[in-house]
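A short worksheet on the structure shown next.
The values are calculated or read from the model by the stated rules, or taken from the named source; none is laboratory data. Small disclaimer: the values here were computed from a predicted structure and weren't measured. Methodologically, a virtual Cβ is constructed for each residue, glycine included, from the backbone with ideal geometry; neighbour enumeration extends over all protein chains shown. Each accessible area value is taken on the protein alone, full model and side chains, heavy atoms only, with ligands, DNA and RNA left out. Shrake-Rupley method; radii C 1.70, N 1.55, O 1.52, S 1.80 Å.
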Amino acid sequence: MIDIHCHILPKIDDGSASLEESLAMAEIAIEDGISAIVATPHIKGEVHSPQFLQQQVDDFNDILKKRGYPLQVLTGADVSAMLPPQVLARYTINGGNYFLLEFPHSHLPRNASELVFQILLSGLRPIITHPERNPSIIRDPELLFSLVDAGCLVQVTAGSLIGDFGADSRDCAAYLLRMGQVHFLASDAHSATHRLPVLSKGKMAAAVIIGDEAANKLVTSNPAAIIAGRDLSD
């Protein structure tokens, strides 16, 4: 499996607090059957340079390799939708044109469609992160549909499907799955003790809703296409 949203890099944001915790997260991910992780630190108020993040990923991969851990970490970021497209373009997944787009946790902005239009016009492909945890979309899931129709992709948090973020997020995630609005499951892991880098439980919950084959694509072939810079239909 491939996890495209994980705050595994140490001491950068509100994710891993130390190298030791990052290594513990790597061990949990490997045990769960994850072979690749996109490291996605928050890019909002404090904007780390892409060069800095690449160096952090390279250093962490070196440590994983020396320890014999069968895990590859790739560059990415969890990027605020409030940043301009020219900034967003610097934080794509593995140097391609896909990136994680995070709307405010409190609501979906009224100008979300215009923001997305400008992003798509710039040639980027946004992957909207954890919409099932956004109060606006919980109240009205159809708000997401027009963004998907415009060209956005959607990543749901695996833990949402098993109730880790409450019943409302669980039910919204299930509805989005049933309506064909979900393209990826990811962990959005922040720690080795809570919000873990685990996909298998969410995948099993998704399989109950959409079947094994479709659920498996959300954590295998779909994220593999993103890392390679391909369309999901290729």
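Can we say Gly166 is over 24 Å from Ile34 (Cα atoms) and either in contact (Cβ under 8 Å) with a residue 24 or more places away in the chain or open to solvent by 10 Å² or more (accessible area, probe 1.4 Å) (or both)? Full working, then the answer.
Numbers: over 24 Å from Ile34 (Cα atoms): yes; either in contact (Cβ under 8 Å) with a residue 24 or more places away in the chain or open to solvent by 10 Å² or more (accessible area, probe 1.4 Å) (or both): yes.
Criteria met by Gly166.
Mind counting the residues in the stretch 1-32 that are charged (D, E, K, R) and in a helix (DSSP H, G or I)?
Matching residues across the stretch 1-32 total 5.
Checked against (1) surrounded by fewer than 21 Cβ atoms within 10 Å (Cβ to Cβ); (2) in contact with a strand residue (DSSP E or B) (Cβ under 7 Å, 6 or more places away or on another chain); (3) on the phi > 0 side of the Ramachandran plot, His130 passes all but a single condition, namely (1).
Summed over the stretch 179-200, residues that are of a type outside the set (A, V, I, L, M, F, W, C) and buried (at least 16 other Cβ atoms within 10 Å of the Cβ) total 8. Remark: pairs (first residue in the stretch 206-218, touching a residue at least 40 places away in the same chain (Cβ under 8 Å) and more than 13 Å from Ala173 (Cα to Cα); second residue open to solvent by less than 30 Å² (accessible area, probe 1.4 Å) and acidic (Asp, Glu); Cβ separation under 9 Å; 6+ apart in sequence or on different chains) are absent.
Of the listed requirements (1) within 12 Å of the chain's Cα centre (by Cα); (2) more than 24 Å from Asp13 (Cβ to Cβ); (3) of a type in the set (A, V, I, L, M), Val154 misses just one: (2). No other residue among Gly166, Gly123 is modelled with pLDDT under 95 and on the phi > 0 side of the Ramachandran plot apart from Gly123. Could you check the stretch 161-185 and list, in sequence order, the residues that are part of a helix (DSSP H, G or I) and of a type in the set (A, V, I, L, M, F, W, C)? Across the stretch 161-185, the qualifying residues are Leu161, Ile162, Ala167, Cys172, Ala173, Ala174, Leu176, Leu177. Among residues belonging to the stretch 99-115 that are under 17 Å from the mean Cα position of the chain (by Cα) and buried (at least 16 other Cβ atoms within 10 Å of the Cβ), point out the one that is farthest from Gln51 (Cα to Cα). Top of the filtered list is Phe103.
Only residues that are over 19 Å from the mean Cα position of the chain (by Cα), under 30 Å from Leu218 (Cβ atoms) and among the basic types (Lys, Arg): list them for the stretch 36-73, please. Passing the criteria: Lys65, Arg67. When the stretch 149-163 is filtered for residues that are over 27 Å from Leu124 (Cα atoms) and open to solvent by 60 Å² or more (accessible area, probe 1.4 Å), only Ile162 remains. Kindly indicate whether any position in the stretch 76-98 is free of Cβ contacts under 8 Å to residues at least 24 places away in the same chain and either closer than 21 Å to Asp188 by Cβ or surrounded by 14 or more Cβ atoms within 10 Å (Cβ to Cβ) (or both). No, there is no match, as no residue in the stretch 76-98 is free of Cβ contacts under 8 Å to residues at least 24 places away in the same chain and either closer than 21 Å to Asp188 by Cβ or surrounded by 14 or more Cβ atoms within 10 Å (Cβ to Cβ) (or both). Residues of the stretch 39-85 that are part of a loop (DSSP other than H, G, I, E, B) and at pLDDT below 95: Lys44, Gly45, Glu46, Val47, His48, Ser49, Ala81, Met82, Leu83, Pro84.
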